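Colleague: My questions all concern the structure below.
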Amino acid sequence: MATHAKFFRNTVNAFFCLAFFCAGQVQAAFVAASSNMAINNLRFALSDTSAQLQWTDVWYGDVRAHAADSDSVPDNDSNSLFGNDGSIQAIANTAHVSSLADYTVENGTQIGLDPNAGITGTTHSDLHLERKYMQADGFAVSAFDNFFTITNPNATETSVWVDFLLDYQGSILGTADAEGFFVDITHIATLRLFDINGLLSFDQFQDSISGTNTTILHENQGTLRVSFLLDYNKTYQISAEADSEIYGYTVPTPATLPLILLGVTIMRRFHRC
């Protein structure tokens, strides 16, 4: 967690300084925004100390990145990894937007069992606009999942209570003058538990900011928890996702404002489907 905390402090500080430097110049229609999220330290606890959780498949990681602005052709990237060791990235850049998603797994068979094993997803998106009649948006997603079963040869019951825990840490920042607008700068961390019939339980953290002629910074950290009574010797799935989303525009012509607001709504619904 210390490494992620240092990374986000440095990112926020650098971006914050850049935003104020640019905003301080004599210019109209300025907006800058960024969103970061990291999820790591997946672990679990069983109510019966003689019970054992076993991962029954290898980990699957998926990363996606998107960047678009009114000066550029949109850029999209994606990547996936099926294995218990490795790292992948997705990177999307345009003239005014940068998005990056990372995923890393180490010694996946021992996640939650060995402190030297670990799985991490990180996301980052930022935008920077400095003149009128511009739009920009971006997102980054890092997700992973695996299947597991719980065994206990000494069990006197047919089920056991399980707690899954996942740490998250992130920041969202927006700064704009009176002719700049940042909208739904969002970061999300999600943890889900499934059986063969579908979703059993989930926990999620989400925070968003919007504004004009202001600067807003939120830094968030905490732990997601999913708890459920699970049967022995059945297969279940655990999944997690980090998500960063940004949208901004500078003062539009009156005729295009309704289209911009409609575009924000469509983009959000499409991305979260």
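Colleague: Please label the shape of segment 104-259 as rounded, prolate or oblate, based on the square roots a ≥ b ≥ c of the eigenvalues of the alpha-carbon gyration tensor (a/c under 1.5 means rounded; beyond that, a/b larger than b/c means prolate, else oblate).
Modeller: Verdict is prolate for segment 104-259.
Colleague: Still on this structure: How far is it, in nm, from the label point at GLU219 to the one at PHE82 when both lie 7 Å from their Cα along the line to the Cβ?
Modeller: So the label points at GLU219 and PHE82 sit 4.1 nm apart.
Colleague: Okay, moving on. Determine the share of segment 190-238's accessible area contributed by carbon and sulfur atoms, expressed in whole percent, with a 1.4 angstrom probe.
Modeller: 43
Colleague: Over segment 122-254, average the accessible area per residue using a 1.4 Å probe and give it in Å², no decimals.
Modeller: Value returned for segment 122-254: 40 Å² of accessible area per residue.
Colleague: How large are Rg and Dmax for segment 40-124 when calculated on the C-alpha trace, in angstrom?
Modeller: For segment 40-124, the Cα-based Rg and Dmax read 17.1, 60 Å.
Colleague: Taking a quarter of the surface of the convex hull around the Cα atoms of segment 99-163, what do you get in nm²?
Modeller: Value for segment 99-163: 7.6 nm².
Colleague: Given a 1.4 Å probe and every protein chain left where it sits, what share in percent of the accessible area of segment 51-171 is carbon and sulfur?
Modeller: Its accessible area is 46 percent carbon and sulfur atoms.
Colleague: How big is the charge dipole of segment 22-132 about its Cα centre, in debye rounded to the nearest 20, if each Lys and Arg gets +1 on its Cβ and each Asp and Glu gets -1 on its Cβ?
Modeller: 320
Colleague: Okay, moving on. If GLU245, GLU219, GLU179 are ordered by their accessible area, calculated over protein heavy atoms with a 1.4 Å probe, which sequence runs from highest to lowest?
Modeller: GLU219, GLU179, GLU245
Colleague: If you don't mind, another one. At 0.36 nm per residue, minus the direct Cα-Cα distance, what do ASN197 and THR158 gain on full extension? Give it in nm, one decimal, please.
Modeller: 12.1 nm
Colleague: Follow-up. So what's the gap between the Cα centers of segment 111-187 and segment 195-214, to the nearest angstrom?
Modeller: 9
The values are calculated or read from the model by the stated rules, or taken from the named source; none is laboratory data. What you are looking at is a predicted structure, and each value in this text was computed from that prediction instead of being measured. Every residue, glycine among them, receives a Cβ derived from its backbone with ideal geometry; neighbour counts consider all protein chains shown. What goes into the accessible areas is simple: the full protein's heavy atoms, side chains included, and nothing from ligands, DNA or RNA. Shrake-Rupley method; radii C 1.70, N 1.55, O 1.52, S 1.80 Å.
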